[in-house]
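I'd like to ask you about the structure that follows.
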Amino acid sequence: MLGAPLAVTVSLTQARRITAAESKATGVSIPEVKDGEDLFAYIQRVKGTFDPTLYRQLLGAANEFKEGDQFIGVAAVDNPSRENARQLLSATRIADLNAHPVYEDQLNQFINEKRTNADPRSANPTLGQLKQLLLTADEATIKQVARTLSSDVIGSVVKLLTNQELITVGAKVFNPLPGSQLGAKGYLGARIQPNSPTDNLDDIFWQVLNGWSYAVGDVVLGTNPVSSEPESVQAVELQLREILETFGIADVLPHCVLSHIDVQAEVERRTPGSTALWFQSIAGCDAANQTFDIDLKKMRDYARSRNGKYALYFETGQGADFTNGHSHGFDMVLHESRKYGFARALTREVAAAQQQAGQAAAPWVHLNDVAGFIGPEVFRTREQLVRCCLEDIVMGKLHGLMIGLDVCSTLHMDVSLDDLDWCLEQIMPANPGYLMALPTKIDPMLGYLTTGFQDHVRIREKFGYRVNDAMWSFFQQLGVIDSQGKPTEHFGDPVWVYLQYRRKKGDTRPEERILDEGRRQLAAVRERGVFLATGYGDKPSELSPDLKLHIDRIYHDAKQSIWAELTPEFIATLPASVPVKTQSTSRSEYILHPATGEQLSPAAQAAVKQLRQQYDAKYNVQIVISDGLNALSIMDEGQLDPYLKELRSQLKTAGFTPAEQNILVQSGRVRAGYRIGETLFGGLDGNRAILHIIGERPGTGHHTFSVYMTSPPGSVWGQPGQVDHNITRVVSGIAATALKPTKAARDTVRILQQMNLG
């Protein structure tokens with residue numbers, strides 16, 4: 001793959017020159033403020049009455065600059081305006097902020113209804129006074145005060161803190177998980193993320209052993225699944241549980257498959273005891289949560305059902321709300337803080353459920369902030385990534401949460417492998433609860449940059465952070481570290497850990513036979529393109545030289561994949577295709593302003609309308625093909641063609657009537673398919689499906705595409721904006737070197753049949 005011809009139209013050097021200069025120069029201007037003036041006095045002076053739009057703009061203008069805030073028009077237009085906004089915010093009293101919620105919905109009511117009232121002995125402080133308390137008070141005092149703070153106040157006060165001040169606060173507030181050192185001062189945990197491009201159980205198994213060989217992995221074994229079908233999720237859950245039970249540590253370390261919480265509940269219903277920790281992504285407002293197919297009632301019901309040892313695991317990230325069309329005019333920091341308020345309130349529900357079950361209130365709930373996962377439309381630089389992580393650490397801790405980080409970057413951001421090391425150096429003094437842990441910095445399934453096993457080793461060496469005591473003892477028993485915590489000869493040797501696993505299973509075969517078996521299995525995993533780390537370089541914290549070279553090659557190939565475009569030669573070879581374009585006028589605009597790739601150009605809209613007239617309602621499936629973020633995956637030989645042939649054959653066998661023509665979208669994103677469906681199928685009878693094939697996930701080591709399946713009735717298609725990700729299912733990781741295109745086509749049709757049956 002790496003040696004294949006590449007259709008690249010923008011060089012890597014050119015790509016890195018694309019900066020904020022290309023952004024629309026919108027922003028909030030605050031030319032001057034008066035001494036002692038607060039937010040509300042300023043609004044009254046400027047508008048003559050309270051104005052909620054200006055209020056949200058002023059709150060956003062106090063933030064450090066991020067492209068996501070600029071995109072919705074709440075970023076300060078310049079530094080003087082930012083400082084003026086902070087001056088106004090600093091003079092504003094907490095009670096006044098609480099009396100003016102930045103956004104009122106059911107979530108806001110829920111996260112505030114059980115918040116502890118303010119200490120009656122205290123005066124009504126300003127945000128500036130709260131900032132000074134956070135910087136000077138001890139942990140106990142801060143925690144007592146934090147229980148009284150709303151999410152809006154917590155999200156506002158971090159705007160006033162410098163990076164060093166955020167570190168000061170983060171380094172003295174801790175919320176460890178019950179009966180453990182996870183999240184405690186001086187400890188840094190790890191979520192092993194054993195993702196597989198095909199949900200292959202051997203890939204997952206060996207990545208867990210791989211992490212343990214470096215004495216890494218003490219918070220959760222958490223796999224992101226390719227398939228969200230209950231049968232597939234159950235198989236992964238059982239594999240993870242089996243590893244833990246074999247080693248006798250299931251009561252120390254939970255497992256989790258990060259599918260939708262409904263799917264996890266269904267797996268548990270089918271096979272009681274198969275799941276441990278339950279996962280769900282959460283958002284900062286009702287509408288954004290609906291995009292994740294959750295609401296307050298659902299999440300409260302689930303929280304009340306979690307009265308065992310392991311409860312809930314949440315993931316969040318700045319920017320997710322506005323990128324799903326739910327900014328409601330306020331900034332990313334405040335959205336993120338409201339998510340933590342949601343998690344805090346649900347944690348209380350778990351505690352109450354435990355007490356009602358006659359147990360001590362000891363909710364095992366934690367949150368992972370996936371900073372940097374969305375892309376340059378949220379923020380673009382390593383400095384912004386550091387700022388985001390520090391803000392979120394402090395907000396999470398002030399909400400009473402054990403908060404971890406995914407210090408990560410997508411491949412279309414200007415954050416390199418080396419930049420991530422620099423970011424970790426800046427962030428770690430704030431002592432987050434945990435980080436992600438993969439064999440290398442590149443996720444083999446999601447194709448983004450994050451934290452490798454040996455990054456944990458380096459961080460432990462530099463900052464003196466420790467691993468949860470029970471798991472550290474386990475690693476010593478494995479023999480990968482000695483009684484002094486130093487690496488042994490087996491450090492970084494997953495085959496050695498496999499030997500210990502087989503012995504725990506009662507395997508009495510000679511040692512060398514088991515080791516040979518392990519080496520063969522490890523080699524098979526690597527042949528599937530899943531990178532496993534063995535040994536190390538000059539130091540235990542460094543990748544072995546050959547693996548480092550391999551990862552560098554994948555990284556540069558990913559950059560080329562992102563900037564590649566569908567060539568005229570390829571477009572000409574695609575049979576029965578109708579080429580259309582979105583509103584993106586260039587590749588750089590497509591990457592930096594994703595919304596332009598979600599809307600069809602006027603000419604494309606006209607072409608789809610013409611197709612509707614030609615079809616005369618006789619087709620119930622339309623195949624759409626987009627370049628996405630990996631045009632090479634669409635153009636590579638042996639990928640799209642076998643998928644399309646098998647897909648059409650399977651569709652006809654299953655009784656579907658697919659349109660003969662493919663709609664080929666240049667600069668297309670997933671939502672462009674929804675717009676096509678609205679025009680093509682709106683108001684027609686019966687279920688009508690868009691099967692959107694789109695290039696994705698550069699950086700996995702494969703050129704993969706996905707297919708997004710959306711099949712509501714024509715009456716739903718007829719409501720503009722109604723169709724979104726919450727009713728869409730996906731088959732991902734499709735490539736000749738990953739999930740075989742022909743198998744993926746069969747999976748597509750099988751899932752489509754299930755969707756139409758409801």
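Sort out which residues of region 322-337 are over 29 Å from H255 (Cβ atoms) and in a helix (DSSP H, G or I), and write them in order of number.
Selection gives F322, T323, M332, V333, L334, H335, S337.
If I filter region 361-412 down to residues being among the small types (G, A, S) and modelled with pLDDT of 95 or more, which single residue comes out as nearest to I562 (Cα to Cα)?
Top of the filtered list is G404.
Here's another thing I want to ask about it. Go over the candidates D321, D251 one by one and state the one that is among the acidic types (D, E) and surrounded by fewer than 17 Cβ atoms within 10 Å (Cβ to Cβ).
Among D321, D251, only D251 is among the acidic types (D, E) and surrounded by fewer than 17 Cβ atoms within 10 Å (Cβ to Cβ).
For region 373-400, what are the residues that are under 16 Å from A283 (Cα atoms), crowded, with 24+ Cβ neighbours inside 10 Å and either among the charged types (D, E, K, R) or under 15 Å from the mean Cα position of the chain (by Cα) (or both)?
Passing the criteria: V378, D392.
Can you tell me which residues in region 444-500 are free of Cβ contacts under 8 Å to residues at least 40 places away in the same chain and among the acidic types (D, E)?
Result: D482, E489.
Under 7 Å between Cβ atoms, at least 6 apart or on separate chains: pull out the pairs that start in region 557-576 with a residue that is under 14 Å from N630 (Cα atoms) and end on any residue that is open to solvent by 20 Å² or more (accessible area, probe 1.4 Å) and of a type in the set (G, A, S).
A564/A7; E565/A7; T567/A7
Given region 604-697, what helices (runs of 4 or more DSSP H) lie entirely inside it while holding 1 or more residues that are over 21 Å from Q560 (Cβ atoms)?
Filter on region 604-697 gives 640-653, 670-681.
Quick one: which of V716, V730, V707 is without any contact (Cβ under 8 Å) to a residue 12 or more places away in the chain and either surrounded by fewer than 22 Cβ atoms within 10 Å (Cβ to Cβ) or part of a strand (DSSP E or B) (or both)?
Unique residue meeting the criteria: V716.
Going by the structure shown, is K609 over 13 Å from G673 (Cα atoms), modelled with pLDDT of 95 or more, in contact with a Ser or Thr (Cβ under 8 Å, 6 or more places away or on another chain) and not acidic (D, E)?
Answer is yes for this residue.
Check whether at least one residue in region 642-660 is within 18 Å of V580 (Cα to Cα), over 28 Å from the mean Cα position of the chain (by Cα) and touching a residue at least 60 places away in the same chain (Cβ under 8 Å), and report yes or no.
Yes - at least one qualifying residue is present in region 642-660.
Additional query: If you scan region 510-556, which residues turn out to be closer than 13 Å to G492 by Cβ and of a type in the set (S, T, Y)?
Correct list: T534, Y536, S541, S544.
Which of the residues belonging to region 261-311 are in a loop (DSSP other than H, G, I, E, B), in contact with a strand residue (DSSP E or B) (Cβ under 7 Å, 6 or more places away or on another chain) and either in contact (Cβ under 8 Å) with a residue 60 or more places away in the chain or open to solvent by 10 Å² or more (accessible area, probe 1.4 Å) (or both)?
Across region 261-311, the qualifying residues are A276, L277, I282, F292, R306.
Still on this structure, I have one more. With respect to the numbered conditions (1) in a helix (DSSP H, G or I); (2) at positive phi, which one is the sole condition not fulfilled by G400?
(1)
Somewhere in region 7-27, is a residue under 26 Å from G372 (Cα atoms), in contact with a Leu (Cβ under 7 Å, 6 or more places away or on another chain), modelled with pLDDT under 95 and not in a loop (DSSP other than H, G, I, E, B)?
Taking every residue of region 7-27 in turn, at least one turns out to be under 26 Å from G372 (Cα atoms), in contact with a Leu (Cβ under 7 Å, 6 or more places away or on another chain), modelled with pLDDT under 95 and not in a loop (DSSP other than H, G, I, E, B).
Would you pick out the residues in region 552-584 that are of a type in the set (A, V, I, L, M), buried (at least 22 other Cβ atoms within 10 Å of the Cβ) and not in a loop (DSSP other than H, G, I, E, B)?
Of everything in region 552-584, those that are of a type in the set (A, V, I, L, M), buried (at least 22 other Cβ atoms within 10 Å of the Cβ) and not in a loop (DSSP other than H, G, I, E, B) turn out to be I554, A558, I562, A564, V580.
Out of the helices (runs of 4 or more DSSP H) lying entirely within region 440-550, which hold 1 or more residues that are within 18 Å of S196 (Cβ to Cβ) and of a type in the set (S, T, Y)?
494-504
The values are calculated or read from the model by the stated rules, or taken from the named source; none is laboratory data. Please read all numbers here as calculations on a predicted model, not as lab measurements. Ideal geometry is used to build each Cβ from the backbone, glycine not excepted, and the neighbour counts take in all protein chains shown. To get the accessible areas, we keep the full protein, side chains included, count just its heavy atoms, and leave off ligands, DNA and RNA. Shrake-Rupley method; radii C 1.70, N 1.55, O 1.52, S 1.80 Å.
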